[in-house]
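First the structure, in the form of structure tokens, and then the observations on it.
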Ligand SMILES: [Zn+2]
């Protein structure tokens, strides 16, 4: 299976010289500074484009779905097409499922979003859900979508120490991934070994974003 993936990657690389488009690219630049990788835990989806689907429960609307997609795509753009994804119906079992809710976490009005992500062998993303509160202004909603997507795509735990980055631990005026955000995410994909020891150990992280702060509240096996 691993060998097949490598072969496939080579094929994509050799065919992907045209660049652009929805197919993205597998080329990661050698120099990924500046970044804040030392402050965060990184993990990766081994198959891209990552599939994402939307639950139509809760406060789902097509407009919210489209806004979310547009903000997820900011990461694709910031990484020159690398962090790509495909939207599929829930019947196709997408790796990431997005839920819109009046409040993302119980009755806490300060919660903007919650990302729950399961990681195998400490490196490979297996599945994730993103809850986005819809009790937000449009700007807050969009910034939260973009921020949570950063967690779900590979910046699993931890945050930037700079308020100028999208992945700062709290809602700021930043709505787009910065070069530091993009470089940090790309490091997950450049440096994570693709043939981990298959111990089968899985860990689930639950990352709650509150107005003013964002924290990982424990993890469970
Ligand atoms: Zn966060």
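Brief remarks follow.
- Checked against (1) modelled with pLDDT of 85 or more; (2) surrounded by fewer than 20 Cβ atoms within 10 Å (Cβ to Cβ), residue 6 meets all criteria but (1).
- Residue 95 satisfies every condition listed in (1) buried (at least 16 other Cβ atoms within 10 Å of the Cβ); (2) within 22 Å of residue 177 (Cβ to Cβ); (3) touching a residue at least 60 places away in the same chain (Cβ under 8 Å) except (3).
- Subset of the range 159-173 [touching a strand residue (DSSP E or B) at 6+ places or on another chain (Cβ under 7 Å) and not in a strand (DSSP E or B)]: 159, 162, 167, 169, 170, 171
- Candidates are the residues of the range 121-152 that are within 24 Å of residue 200 (Cβ to Cβ) and out of contact with any strand residue (DSSP E or B) (no Cβ under 7 Å at 6 or more places or on another chain); the one that is nearest to the ligand (Cβ to nearest atom) is 122.
- Single unsatisfied condition, residue 79 versus (1) surrounded by fewer than 20 Cβ atoms within 10 Å (Cβ to Cβ); (2) modelled with pLDDT of 95 or more: (1)
- Qualifying position, being within 14 Å of the chain's Cα centre (by Cα), part of a helix (DSSP H, G or I) and modelled with pLDDT under 95, among 188, 182, 152, 143: 188
- Those residues of the range 105-118 which are within 16 Å of the ligand (Cβ to nearest atom) and within 17 Å of the chain's Cα centre (by Cα), in sequence order: 112, 113, 114, 115, 116, 117
The values are calculated or read from the model by the stated rules, or taken from the named source; none is laboratory data. Just so it is clear, the model here is predicted, and its values are computed rather than measured. No Cβ is skipped: glycine too gets one built from the backbone with ideal geometry, and neighbour counts run over all protein chains shown.
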